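All remarks here apply to the structure that follows.
The values are calculated or read from the model by the stated rules, or taken from the named source; none is laboratory data. The shown structure was predicted, so the numbers you read here are calculated from the model rather than taken from an experiment. Ideal geometry is used to build each Cβ from the backbone, glycine not excepted, and the neighbour counts take in all protein chains shown. Ligands, DNA and RNA are excluded from the accessible area calculation, which covers all protein heavy atoms including side chains. Shrake-Rupley method; radii C 1.70, N 1.55, O 1.52, S 1.80 Å.
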Amino acid sequence: MTGNSSPANNVEGNAAQILQARDITGDVYVGKRPMRPRWWLIGGLVVLLAAGTGAVVWLQPSGPAGLRVTADLSANDAGPWGYASEDPGFPGPELAARLARPGAVTDSALAHDVRVSGGASLLHQVIRLHLEGPRTGQVVVTDIRAVIRKRRPPLSGSLVWSPPQGAEDSAQTLLELDDRFPVLQSAVRDDVHDRNIPAGPYFPTHTIKLTGGETSEVIVTASAAKGAYEYALAVFSQSGTEIKQTIVDDGGEPFRVSGFPCSGRGQAAYRTLYFGQADTTVSRQPDPQHFDGVSEC
């Protein structure tokens, strides 16, 4: 185009459509407009596609402005730690070689690499949810719920374990995934049994108000003993009269937790087992089918 005219791409249609274009100038509006003949929409799409491939624009309604939620699982790398998989080849030869070195039981970098290789946390998983409010206005977090994607028996392919494995002492909330309807619970310390116990639903007793870019953190300790779970967390927030659900996961993958595959009283059975030793290695065990001394079984 020539002169002072500004190019613009104007498209009307269903917000569920995906529009692909190299450059988009002007504004994108999502809303109701009078119906136009279908040939106009088809012609507009042809023009956009002819411009070449590039950015993909998803047209979808927006929620309360400015709320950001991120999940940090690094607390699980500090030890003690354990990860299970249905794959007997987990965690692979490279990580197995590192596990056999002295100091493996306290190597947080190694624990991180085992975790991100696809293992499910053993018994407990600590998730630090970082909440950040909008720069202007206010948003209120009203609930956090588990969204179970998959439920199955405890994983029995392979276990990599640097015991003891327990919930973090500073746990703020507990999420028992074995419950039929898991509810986020407030956590209190049971000094007699040296563990955290649930003390009633965390919401709606608590609400989290974030104004002017304020931040807050919710520490969730998710637990599983009777099964293995793949799940996400749904964070519900409200700004004025508008309510939004934000789904949080592990970088695009579900969170994963598994209990022990019990085969008898005090005994679990795996096809492959790596266990922390007194020499600080995490060594492969010769009889993984008879893993004794498991108090959870």
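Other residues with beta-carbon under 14 Å from the beta-carbon of Gly293 carry, at +1 per Lys or Arg and -1 per Asp or Glu, a net charge of -2.
FRET efficiency for the pair His206 and Ala100, taken as 1/(1 + (r/R0)^6) with r the Cβ-Cβ distance and R0 = 35 Å, rounds to 0.15.
Length gained on full extension, Arg195 to Ser74, computed as 0.36 nm times the residue gap minus the Cα-Cα distance: 41.5 nm. Loop-located trypsin sites (Lys or Arg not before Pro) across segment 184-221 with a Cβ neighbour count of 16 or fewer within 10 Å are lacking, with loop assigned by DSSP. Full extension of the chain segment joining Ser263 with Glu296 gains 10.8 nm, where the gain is 0.36 nm per residue of separation less the Cα-Cα distance. With r as the distance between the Cβ atoms of Thr241 and Ser283 and R0 = 51 Å, compute the FRET efficiency 1/(1 + (r/R0)^6) and round to 0.05. Working from the Cβ atoms, E equals 0.30. Overall, the accessible surface of segment 66-292 at a probe of 1.4 angstrom is composed of carbon and sulfur to the extent of 49 percent.
Note that segment 145-297 presents 52 Å² accessible area per residue, ligands and nucleic acids not counted, probe 1.4 Å.
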